[in-house]
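A quick write-up on the structure given underneath.
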Amino acid sequence: MWWIQSGIFSPAPELRAWLVKFEESLPTDANPRLYRMGMLAEALSAAGHEVVWWASTFDHAGGRLRFDCDTACEVRPGYQLRLLHTVKGYGRAVSGARVLNNLKQALRLRASADAAPRPDVIICAMPTPELAWVSVGLGEKYGVPVVLDARDMWPDIFAELLPPLMRAVAWPYVTAMRAMLRSAVRRATGCTAITEPFLDWILGYSGRPRGPFDAEFPLGYQEPVVTLAELQTGSAALAAKLGPPDDLIFNVLFMGRLNRTVLDAFDAVVEAAKELRGAARPFRFYFAGSGDCAGALQQRGAGCPEIVFLGQLGAPQLAALKLRAHTALLCIARRRDYQISLSNKVFDYLSAGLPIISHLTGLVGKLVETEKCGLIYDDGPGLADALRRLAGDDALRRQLGASARRVFTEHYDATRIYPRMAEYLARVAS
């Protein structure tokens, strides 16, 4: 990012940025937790730029409909949400209904774009390839630069996820997505990505070497603001569910979407819970979150009272839960895209100063080992050994936790990352 760090540029002029991302939480949602596009929008707005964020009337994370027709919402002067209505909802994240919705979203964006003020720059999250292809086409139509931001390895990852029969059925769709993505990347002004390997991956579709407008920006994390009164309320609500805090119990925390990647790594958690049963110091595994596989996970953990599913919690209860936790668990299957990424969960854990117990061995494993902020496990016995080690050595646990907090503040604090990303977009626009 030499064009940012060298300091040879004058302050960027004000611009109008279009942000294209349909599945994230929005600032107008109840108790919103902003993710990458939301944090970038805030950074652009704070820098004096105008923001138009194209999103959906359907809340992907919450599984609810925000509005039943196209709706424009003003977050504040100069920051507008344009919500396009394409679907009432879909039951599963991976489904035919989701595929059709992705196509509808792209078509609706192309049809609706002329009704909005013309942009100076467009940044589109990838996935989806459909939206990336339409966004680049709009950039060409308006004569403005377009940046594609790689976050997930669509459609390549489908080859790993789908069984052979489904892979054959999905082949035409995957082939079409690859063609759209290849066309979009080759015509885009630049690409950004959440990690260096992700940047290399998306540039592989371009057939060109890395250029001056290709850059890596970590996901980062913005710590939620929880007042003392809110924390007290959250602690009381948590105590009503779990009972008062017990210093004897060693609490292991997982936060995030309960999806297939968690389910595929969950057997090791069940095995470790059973192996640790009867230890002098009791262990509790708390899973906070919701998702497609929540029911299946509860069924697998039904024989283990040590594993507790809390469902979706608000920020005050999550803050109270982090204070109870002794360590954070990253039970994620070793899928290729997860091995080359650093997820929101990682940054959430680091910011809380919690040692990370990780099943992932890729970039997360490298971070954990080089920065000495956690431990890695391979299977159930390995997880049990790691937890025994932390529970029996409080000095080690505190040392790993302090390293976690340091790594977050130095490298992954969103208040540092997204202003830089906003500056980058201003350079691209100018």
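The values are calculated or read from the model by the stated rules, or taken from the named source; none is laboratory data. This is a predicted model, so every value here is computed, not measured. Heads up, the Cβs are rebuilt from the backbone with ideal geometry, glycines too, and the neighbour counts pull from every protein chain shown.
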Looking only at the stretch 222-247, which residues are in contact with a strand residue (DSSP E or B) (Cβ under 9 Å, 6 or more places away or on another chain) and either under 15 Å from Arg420 (Cβ atoms) or assigned to a helix (DSSP H, G or I) (or both)? Gln222, Leu238, Lys241, Leu242
Within the stretch 193-204, is even one residue under 20 Å from the mean Cα position of the chain (by Cα) and of a type in the set (Asp, Glu)? yes
Looking across the stretch 5-55 at residues that are of a type in the set (Asp, Glu) and closer than 25 Å to Tyr412 by Cβ, the single one that is modelled with the lowest pLDDT is Glu23
Picking from Ala429, Ala404, which residue would you name as being small (Gly, Ala, Ser), in contact (Cβ under 8 Å) with a residue 60 or more places away in the chain and either crowded, with 21+ Cβ neighbours inside 10 Å or touching a Pro at 6+ places or on another chain (Cβ under 9 Å) (or both)? Ala429
Quick test for you: out of Leu131, Leu103, pick the one residue that is closer than 30 Å to Asp264 by Cα, in contact with a strand residue (DSSP E or B) (Cβ under 7 Å, 6 or more places away or on another chain), at pLDDT 85 or above and in a helix (DSSP H, G or I). Leu131
Is at least one residue of the stretch 183-193 under 20 Å from Met37 (Cβ atoms) and hydroxyl-bearing (Ser, Thr, Tyr)? yes
Are there any pairs, at least 6 apart or on different chains, whose C-beta atoms fall under 7 Å, with the first in the stretch 136-160 and within 16 Å of Met37 (Cβ to Cβ) and the second among the hydroxyl-bearing types (Ser, Thr, Tyr) and part of a helix (DSSP H, G or I), and if so, which? Val146/Ser135
Taking Trp201 and the conditions (1) within 25 Å of Leu329 (Cβ to Cβ); (2) surrounded by 15 or more Cβ atoms within 10 Å (Cβ to Cβ), which numbered condition does it fall short on, given that it satisfies the others? (1)
Search result, residues across the stretch 198-221 that are out of contact with any Leu (no Cβ under 7 Å at 6 or more places or on another chain), more than 16 Å from Met39 (Cα to Cα) and in a loop (DSSP other than H, G, I, E, B): Gly204, Ser206, Gly207, Arg208, Pro209, Gly211, Pro212, Phe213
Could you identify the single residue in Cys331, Cys293 that is buried (at least 17 other Cβ atoms within 10 Å of the Cβ) and either of a type in the set (Ser, Thr, Tyr) or without any contact (Cβ under 8 Å) to a residue 40 or more places away in the chain (or both)? Cys293
Filter pass, Thr261 being hydroxyl-bearing (Ser, Thr, Tyr), closer than 20 Å to Ile356 by Cβ and at pLDDT below 95: yes
For the stretch 265-290, which residues satisfy the criterion of being of a type in the set (D, E, K, R), surrounded by fewer than 16 Cβ atoms within 10 Å (Cβ to Cβ) and out of contact with any Cys (no Cβ under 9 Å at 6 or more places or on another chain)? Asp267, Arg281
Scan the stretch 334-360 for residues that are of a type in the set (Ser, Thr, Tyr) and either in contact with a strand residue (DSSP E or B) (Cβ under 6 Å, 6 or more places away or on another chain) or crowded, with 24+ Cβ neighbours inside 10 Å (or both) and jot them down. Ser341, Tyr349, Ser351, Ser358
Consider Trp201 against the criteria (1) of a type in the set (Phe, Trp, Tyr); (2) touching a Lys or Arg at 6+ places or on another chain (Cβ under 9 Å); (3) touching a residue at least 60 places away in the same chain (Cβ under 8 Å): it satisfies all of them except one. Which criterion is unmet? (2)
